[in-house]
Structure formats: structure tokens, C-alpha cells
Amino acid sequence: MNKNDSYDLVVKSPGRINLIGEHVDYNGGHALPAAIDKKITLKMKKNNSNNVTVYSKNIDSEFTFSLSDLNRSSIEWHNYIIGVIFYINVLRPDAVKGFDCYIDSNLPLGSGVSSSAALECGVAKGLNELFKLGLSDTEIIKLSKDAEHTMVGTKCGVMDQFTVVKGQKDHLLLLNCKTQEYKTIKVDFGDYKLILLNTNVSHNLASSEYNVRRGECEIAMKVINAKYNDLKYLCDVKPEVVKEFKNLLPEKIYNRALYTSKENQRTLKAVEAINCKDLHALGNLLYQSHEGLSKLYEVSCPELDFLVEYSKNYDQILGARMMGGGFGGCTINIIHKDFVENLIEEMSIAYRNQFSIDLTPIAIHIGDGVKI
Ligand code: ADP
Ligand code: MG
């Protein structure tokens with residue numbers, strides 16, 4: 001397959017950042033994500049057969065499968081595509097016919113900017129258009145998430161798919177993950193910029209530990225429900241209430257619950273800080289979030305901790321934290337625009353001295369959701 005072949009349509013599907021509110025989406029909390037200008041490009045055309053052929057330039061690999069055989073593949077990336085078609089079939093039986101898809105992307109894979117949701121939602125949106133399926137955004141968000149749960153095995157929350165589909169240029173989304181209601185918040189950080197620093201490590205724990213955390217949160221909820229049975233999600237439980245359970249929960253489970261409850265509150269405080277243009281307060285909330293993710297929720301790693309700790313050496317950096325599922329990937333940093341280049345240079349040297357790994361900076365521009 002060649003990118004210069006003629007295609008019926010081109011989909012641009014963005015990655016996302018999350019300013020704050022990490023690991024709260026599956027706990028019914030509030031997150032503050034936005035779509036970014038880095039994207040997966042999918043070129044698609046009907047091929048008048050019963051087969052699907054997909055080429056990914058990033059993996060430099062192509063595979064073909066029959067629409068009569070939508071079973072899991074042993075190769076991970078195939079499953080995002082097979083899974084999306086599987087769940088479209090549930091809603092629109094046999095409406096998807098054979099097609100070719102050429103994928104290219106400037107989103108780093110597995111770095112916490114949600115290349116996975118960009119891939120799922122991009123395929124779903126493209127097929128929706130190619131075969132005139134009439135699926136709503138809500139259906140596309142849900143079936144993409146289901147594909148990741150079942151075919152890939154990551155029990156992700158809804159934030160990633162939601163943001164990829166609903167993102168708006170220059171706006172953060174204050175997303176209530178319980179109701180999937182959201183408000184848009186215009187981003188104006190004045191002299192400050194959002195910069196991602198990619199550790200370029202991914203510890204492979206991300207997927208398995210993700211599901212472990214979900215399980216731990218469910219355990220905490222069960223115990224809390226024995227006393228408060230009207231609360232459905234951990235983010236409905238105030239930190240003071242979580243503290244009542246300090247001696248009733250195993251320490252790790254207690255820590256998970258306390259982090260989750262506090263992180264949900266931090267998202268709401270972050271919105272207040274943005275509205276009051278108090279970027280120092282916002283930066284402090286990012287640092288607190290990282291502290292919780294590292295010490296209580298235990299989804300950080302030495303590389304992420306190093307970068308966040310190192311950023312505290314600079315007054316020109318207001319805040320930093322790990323972003324995404326964890327165990328590698330990127331930190332998100334609020335850095336004064338006049339110092340971005342110098343600070344990145346210094347931090348890259350320090351990071352290389354410590355870990356012998358190159359740091360990759362990514363300047364963030366907040367863009368629209370998936371587009372055809
Ligand atoms: P993240 O969503 O943070 O990038 P995940 O581990 O959830 O990390 O998803 C990354 C996976 O998504 C990759 O390992 C690969 O299987 C799939 N993926 C993402 N982008 C592409 C691409 N351009 N081509 C093929 N597979 C991709
Ligand atoms: Mg992902």
C-alpha cells in the first residue's frame with residue numbers, strides 16, 4: 001500500500017493531553033483534557049472485497065484479515081482495528097465492507113498522549129463516513145472504548161476517546177466522567193506554555209497495572225459502600241470520608257482511594273485557578289497531583305519522578321506532573337515562554353546524565369477533535 005494511492009477519504013485523529021485529573025475517569029471524577037495538534041492520519045478507501053488491509057507506516061507493517069473472522073490477533077496493534085470493526089458490527093451488522101487503510105502518525109506511541117484512542121476513534125469515524133453508518137459521536141466514543149477493553153485488554157476510562165472526538169481548538173474540556181457532560185474552558189496561559197517532555201521509556205507495566213488499579217479502586221468502593229451505600233464512584237467520596245476508612249482498608253487500597261478522591265478535587269480547584277488566572281496555584285496543583293500519582297497511586301517511575309523533581313529547580317516552571325497511565329511516557333510542564341528552549345536544553349542534559357536516554361520535548365497546541 002502506498003500513501004500516494006488515491007483514497008476515498010482522509011481522517012485526522014488527534015492525540016490528547018490531560019492537564020490534571022489523572023486516573024479519575026474510571027472513578028467517576030473530573031478530568032481536564034484537550035485534543036492536540038499532533039495526529040494520526042488515516043487514508044481509507046473501499047476495496048470491493050470482504051477483506052480489510054491496513055498498513056501502518058509507524059510500525060512499518062501491513063496486515064490483512066477477513067470481515068468474516070474478527071478474532072483477536074496476537075499482534076497488539078491489529079486489535080485496535082479489529083476491535084473497532086467488531087463493535088461497529090454489533091450496532092450496524094454487516095454494514096462495514098472491505099477497505100484499505102494507510103496509517104501515518106506524528107503521535108508518539110505508548111507515551112501517554114493516547115495514540116490508542118486516536119487510532120480507534122480515527123478508524124471508527126472514517127468507517128462511519130466511508131460506509132454511511134450514521135453513528136453518533138457518543139456511539140463512536142463508546143464502541144472505541146469497548147474495543148480497547150475487550151480486544152486489547154486495557155480497561156481504560158472514557159476520557160481518551162471522549163477528548164479525541166470532542167476536542168475543541170484552544171479549549172480544555174472539563175469532563176465529568178460520570179455523566180459525560182463537559183464544559184469548554186478557553187486556554188489563556190499568558191506568558192506560559194504547555195510543554196511535554198517524553199521520557200522515551202515505557203515500562204510495559206502500563207496496561208497490566210492499569211487494570212490492577214481499577215481493581216483496587218473497586219475494592220475500596222466495596223468497603224466504603226458497606227457504610228455509605230448511596231455513593232457509586234470513588235470520586236463521589238470526599239477525602240474526609242475516605243479518611244474514616246484508614247484502619248478498615250489495607251494501606252495500599254486506602255492510598256489509592258485517598259489519591260483518587262483528592263485528585264478529583266484538584267481538577268475542580270485547577271479550573272478555579274485558571275478562571276482567576278492564578279497560574280502559580282495551577283502549577284502547585286500539578287505538583288500535588290504528581291506527588292499523589294507517585295506516592296499514593298504508585299503509577300510513576302524513576303524517569304518521570306526525576307523530571308518533575310528537577311523542574312522544581314526553576315522558578316520559570318510553575319508546575320509539572322506525569323501524564324497518562326504512567327510507568328513512562330511524558331510529563332506535562334507549565335514553562336515561561338522565554339525560557340522554554342534553555343530549560344529544555346538543561347533538563348535534557350541532566351536527564352541524559354542520569355539515565356543515558358534522550359529526552360524529547362513536545363510543544364503543545366490545543367486543536368480540534370477528529371476530522372474527515
Ligand atoms: P498511548 O495511548 O498513550 O499512546 P497505549 O499503550 O494505550 O499508549 O497505545 C499505544 C498502542 O496503540 C501502540 O502500542 C500500538 O499498538 C497502537 N498504535 C498507536 N498508534 C499507532 C500507529 N500509528 N500505528 C499502529 N499502531 C498504533
Ligand atoms: Mg492509550
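The values are calculated or read from the model by the stated rules, or taken from the named source; none is laboratory data. What you see is a predicted model, and the numbers here were worked out from it, not measured in a lab. Cβ sites come from the backbone with ideal geometry, for glycine too, and all protein chains shown count toward neighbours. All accessible areas refer to the heavy atoms of the entire protein, side chains included, with ligands and DNA or RNA removed. Shrake-Rupley method; radii C 1.70, N 1.55, O 1.52, S 1.80 Å.
In whole Å, how far is the Cα centre of the range 87-104 from that of the range 340-372?
The range 87-104 and the range 340-372 have Cα centres spaced 36 Å from each other.
Given a Förster distance of 30 angstrom, what is the FRET efficiency for D8 paired with K186, based on the Cβ-Cβ distance and rounded to 0.05?
Values: r = 36 Å, r/R0 = 1.19.
Approximately 0.25, to the nearest 0.05.
Using a Gaussian network model of the chain whose springs link C-alpha atoms within less than 10 Å, name the residue from G122, G329, G215 with the highest mean-square fluctuation.
Largest GNM mean-square fluctuation: G215.
Roughly how large, in nm² to one decimal, is the mean projection of the convex hull of the alpha-carbon atoms in the range 192-363?
Averaged projected hull area, Cα only: 10.5 nm².
Using a 1.4 Å probe, how large is the accessible area of T138, given in Å² and rounded to the nearest 10?
90
How far apart, in nanometres, would the label points at K295 and H365 be if each is projected 7 angstrom from Cα along the Cα-to-Cβ direction?
Going from the K295 label point to the H365 one covers 3.9 nm.
Need the full-extension length gain, F339 to S74, defined as separation in residues times 0.36 nm minus the C-alpha distance. One decimal, nm.
Difference between extended and current length: 90.8 nm.
Just how much of F65 is accessible, in Å², when a 1.4 Å probe is used and the result is rounded to the nearest 10?
Answer for F65: close to 20 Å² accessible.
Using the beta-carbon distance between L91 and I349 and R0 = 41 Å, what value does 1/(1 + (r/R0)^6) give for FRET efficiency, to the nearest 0.05?
0.20
Ignoring ligands, DNA and RNA, please state the percent of accessible area on the chain from carbon and sulfur, probe 1.4 Å.
Using a 1.4 Å probe with all protein chains present, the chain comes out at 47 percent carbon and sulfur.
Using amide H atoms built 1.01 Å from N in the peptide plane, name the residues 5+ places from S114, or on other chains, whose amide H lies under 5 Å from its own.
Answer set, sorted by chain and number: R16.
Relative to the longest principal Cα axis of the chain, at what angle does helix 76-91 sit, 0 to 90 degrees, rounded to 10?
70
Can you give me the angle between helix 206-227 and the longest principal axis of the chain, using Cα atoms only, in degrees from 0 to 90, rounded to the nearest 10?
For helix 206-227, the angle is close to 60 degrees.
List the relative contact order of the chain as a percent without decimals, with contacts defined as Cα pairs under 8 Å and 6+ residues apart.
Once divided by the residue count of the chain, the mean separation gives 24 percent.
Sequence-distant or interchain residues sharing an amide H contact under 5 Å with G324, placed H: which?
none
Bin width 20 Å, origin at 0, all Cα-Cα pairs of the chain: what percent of pairs per bin?
Percent of Cα pairs in each bin: 30, 56, 14, 0.
Tell me the angle of helix 340-355 to the major Cα principal axis of the chain, expressed in degrees between 0 and 90 and rounded to the nearest ten.
90
Measure off 7 Å from each Cα along the Cα-to-Cβ vector at A226 and E244, then give the distance between these two points in nanometres to one decimal.
Result: 1.4 nm between the two label points.
Helix-only mean residue ellipticity at 222 nm, the chain, DSSP H runs n ≥ 4 weighted -39,500 (n - 2.57), per residue, nearest 500. What is it?
Mean residue ellipticity at 222 nm (helix-derived): -12500 deg cm²/dmol.
With every protein chain in place, what's the accessible area of I372 (1.4 Å probe, Å², nearest 10)?
100
Of M322, M1, which has the most accessible area with a 1.4 Å probe, and how do the rest follow in descending order?
From most exposed to least exposed: M1, M322.
S105's amide H: which non-local residues (gap 5+, or another chain) put their own amide H closer than 5 Å, with H modeled 1.01 Å from N in plane and none for Pro or chain starts?
T41, N58
Might you report the magnitude of the Cβ-based charge dipole of the chain about its Cα centre, with Lys and Arg at +1 and Asp and Glu at -1, to the nearest 20 debye? Could the numbers behind the result be given before it?
Numbers: 43 positive and 46 negative charges, 170 e Å.
Value, rounded to 20: 820 debye.
Let me have the relative contact order for the range 22-142, percent, based on Cα pairs under 8 Å that are six or more residues apart. Intermediate results must be reported in sequence, preceding the final value.
Details: 154 pairs, mean separation 38.9, N = 121.
Over the range 22-142, the number comes to 32 percent.
If the chain between I219 and A281 were fully stretched, how many nm would it gain, using 0.36 nm times the residue separation less the Cα-Cα distance?
19.0 nm
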